[in-house]
1. For the stretch B:182-220, name all the residues that are in contact with a Ser or Thr (Cβ under 8 Å, 6 or more places away or on another chain) and in contact (Cβ under 8 Å) with a residue 60 or more places away in the chain.
2. So which residues in the stretch A:317-344 are surrounded by fewer than 17 Cβ atoms within 10 Å (Cβ to Cβ) and of a type in the set (Val, Ile, Thr), if there are any at all?
3. Just one of (1) surrounded by fewer than 20 Cβ atoms within 10 Å (Cβ to Cβ); (2) of a type in the set (D, E, K, R); (3) more than 14 Å from chain A (Cβ to nearest Cβ) trips up B:Arg145, so point out which.
4. Pick from B:Ala215, B:Ala175, B:Ala152, B:Ala205: which is crowded, with 20+ Cβ neighbours inside 10 Å, within 14 Å of another protein chain (Cβ to nearest Cβ) and modelled with pLDDT of 90 or more?
5. Among A:Tyr269, A:Tyr254, which is without any contact (Cβ under 8 Å) to a residue 24 or more places away in the chain and touching a strand residue (DSSP E or B) at 6+ places or on another chain (Cβ under 9 Å)?
6. Being within 26 Å of A:Ala274 (Cβ to Cβ), surrounded by 19 or more Cβ atoms within 10 Å (Cβ to Cβ) and under 20 Å from the mean Cα position of the chain (by Cα) is true for just one of A:Gly146, A:Gly155. Which residue is that?
7. For the stretch A:104-126, how many residues meet the condition of being crowded, with 22+ Cβ neighbours inside 10 Å and modelled with pLDDT of 90 or more?
8. Count, please, the residues in the stretch A:80-103 that happen to be farther than 17 Å from B:Gly188 by Cβ, at pLDDT below 80 and at the interface with another protein chain (Cβ under 9 Å from one of its Cβ atoms).
Amino acid sequence: MDAVTSPPAQERRGIEFAGSWREYLPIAATNALLIVCTLGIYRFWASARQRRYLWSRTHVIDDCLEWTGTGKEMFLGFLIVVLVLAPFFLFFQFLFPALIARGKADAAFGVLFLFEIAIFYLFGFARFRALRYRLSRSWWHGIRGGSDDPGWNFGGEYLGRYALTFMTLFVMFPWATTRLWNSRWNAMSFGQLDFRADLTATGLKRYWALLYAVPFLVMIVAAVGGISLLGNGRGQPEQWRLLTFALMVVGFIYLAIPLLTLNFFAAFYRKAAAATTLGDIEFEFDATTWDWLKLMVGTLALIVVTLGFGLTYVGYRNWAFMIRHLHIFGTVDIGELEQSTTRAPREAEGFADAFDIGAI
Amino acid sequence: MFAAKLYDGHSAFPHDVSAAFADGRLTLTQDDGWEDRIDAALLKRLDGGPELIRLGRSDAPGWRLLAPAGASAEVESFLSPPDRYGRWIDRIGLFPALLVGGALTASVVAFGYFAPALLAPHVPMSWERNVGSAMVGDFGDIRCRDPKGQRALEALVERVAPGSTDGPDGIKVAALDVSMFNAAALPGGYIVVFKSAITESDPDALAGILAHEVAHVKRRHVTQALIRELGIGALIRLFAGNVGANAEQIVSLSYTRESEAEADSDAIAMLNRANISPKATAELFASLSKETGEGNGYAAEFLQSHPLNAKRAQKFAHAFDPRRKYSPALTRDQADALFNVCWKRPVK
């Protein structure tokens with residue numbers, strides 16, 4: 001009797017976003033004002049407020065989510081990261097130019113390489129910690145999520161998989177990114193339930209191959225087209241036709257590459273959600289490339305039309321988009337769902353903030 | 001008395017309870033006789049959306065009491081409203097916070113804008129020399145070390161600014177084997193000239209360039225830049241993030257353009273004193289202007305740290321007096337030695 005079941009799709013959806021931009025306006029406006037008036041320091045409290053609103057307007061089955069993270073802990077997390085990153089800052093500001101000025105370019109670039117590896121490691125670590133922190137501050141029915149994994153190993157795995165990706169000229173990217181999704185989510189839990197992710201590159205490879213092949217195809221078409229235009233010299237002057245053709249090729253590249261990248265990531269998130277479960281709960285994410293495009297163009301248009309104020313709605317729009325396209329199926333036995341025993345991390349997502357990860 | 005749902009923080013199961021506030025305490029009861037009393041001081045209101053009142057407990061994470069909106073009158077008389085802007089802002093109120101914050105921000109920005117120029121003249125040269133030698137050292141292999149050429153370069157600096165290379169705080173000038181048309185003043189009184197600037201310009205024009213860099217050193221513009229970049233710039237970038245960094249860049253650009261114009265005026269005065277024609281420098285800027293193909297737009301100048309080359313050319317050309325008998329900046333031998341300063345003789 002304690003089970004609540006996510007209803008079939010025709011009825012009320014299992015997860016719904018009930019916020020409205022009008023209701024959010026006072027939050028957006030005062031956040032923007034306070035950020036400006038505090039030299040940016042308020043941004044940590046602003047994002048806590050934003051999440052408190054977004055989570056509280058997100059209904060999952062029969063109750064809304066709750067965000068308990070505070071601006072203060074995010075600010076402290078940021079200060080810790082400043083201390084950790086200080087040596088990197090000093091290196092870029094002093095040591096690197098000093099070595100260059102002394103003609104020791106080898107040493108300078110050698111140390112630069114080591115520092116870049118370290119930053120890459122920290123970047124992966126940051127992605128893990130941000131997810132862990134967010135889950136540990138997200139509550140539903142008085143239960144929270146979390147992880148017992150500190151994420152140090154994930155940083156290493158992230159570094160290794162991306163090193164392999166670079167060495168294979170990005171051919172390995174779909175494998176790297178799907179395995180990393182699994183490693184990250186398999187370490188997470190909600191209550192006593194573990195997330196399980198079993199995402200593979202099957203079905204993603206063709207999206208990647210398409211994106212990978214397009215620049216080469218365009219080069220071949222451009223070369224063949226250019227040569228055939230050169231040979232055939234009647235009608236308009238030759239250089240005009242060549243120029244038009246070149247512009248078309250360049251225009252195509254500028255359109256095709258971003259669209260195909262979007263196409264890949266849209267497919268990635270659809271498959272990733274489908275491959276992830278929490279207990280008996282299954283997920284579905286149905287945003288198509290077209291949906292993502294509408295989101296991005298809409299956000300851009302909003303920012304331009306509102307002369308920048310629309311920036312305060314980026315997080316809102318992204319969250320609403322995510323929840324509107326996310327579906328959950330299955331049963332949660334709420335009598336059996338018990339409190340998480342994971343240690344709630346005390347520091348917030350300072351690293352993720354420092355590396356500018358995460359839209360919300 | 002109102003009906004409510006209780007999550008105990010141990011399981012997700014919602015318990016139906018009746019709740020009532022009395023004597024500074026919240027009493028929860030169930031039909032089966034279960035009862036719990038909680039000190040109101042431990043309770044806090046949380047944002048529950050428009051339909052619900054949500055209470056939490058500071059001593060029990062996950063403990064939540066969900067009451068219908070109809071109970072708001074009873075709850076409000078016992079508990080203060082939920083945190084709104086964050087505790088430090090809530091304590092003083094939004095408008096006072098905006099006023100105080102705005103005033104503080106304005107003063108920090110004003111300090112950041114004016115402090116470098118005010119502080120720079122008071123930074124002891126010996127400090128700056130230490131920073132400078134730590135930053136640049138002896139330039140290693142990229143420095144051109146031909147002794148005759150080096151002497152000619154120093155002579156040229158002495159020509160435009162007599163006595164400026166003397167003593168421990170004197171200007172140290174170095175030619176660098178880098179194929180780039182540029183020269184720069186660095187912290188600690190270092191002036192560097194890149195190879196292309198030496199081989200592709202007339203000694204008179206080089207005198208104009210060096211005079212400009214000497215002016216930067218003497219007016220402590222380098223010290224100002226150092227304070228701005230390392231002190232205030234780093235702080236702003238740290239706390240204000242990307243927006244702050246962009247704002248800082250715009251401020252520092254307008255700032256450096258002022259310094260550049262000042263250094264140009266000083267350079268013209270130095271050339272005048274040394275009786276070197278400013279015409280060669282004017283021609284140099286005119287040709288640079290043509291090379292970079294700069295228009296007359298205001299936007300181009302606004303975004304550049306240096307004034308437009310065309311404008312600088314005009315300024316130097318204006319200082320040229322066609323009736324005056326100028327003397328060359330360097331003798332023929334000196335000019336030849338300088339031209340070859342980066343020439344490495346093959347080892348025998």
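The values are calculated or read from the model by the stated rules, or taken from the named source; none is laboratory data. Predicted, not measured: the structure shown is a model, and the values here were computed from it. Note: ideal-geometry Cβ built from the backbone for every residue, glycine included; neighbour counts use all protein chains shown.
1. B:Gly188, B:Lys195, B:Asp204, B:Ala205, B:Ala207, B:Gly208, B:Ile209
2. Result: A:Thr331, A:Thr341.
3. Just one mismatch for B:Arg145, condition (3).
4. Just a single option satisfies the conditions, and that option is B:Ala175.
5. Step by step, each of A:Tyr269, A:Tyr254 is checked, and only A:Tyr269 is without any contact (Cβ under 8 Å) to a residue 24 or more places away in the chain and touching a strand residue (DSSP E or B) at 6+ places or on another chain (Cβ under 9 Å).
6. Residue meeting the stated conditions: A:Gly146.
7. 2
8. Qualifying residue count for the region: 2.
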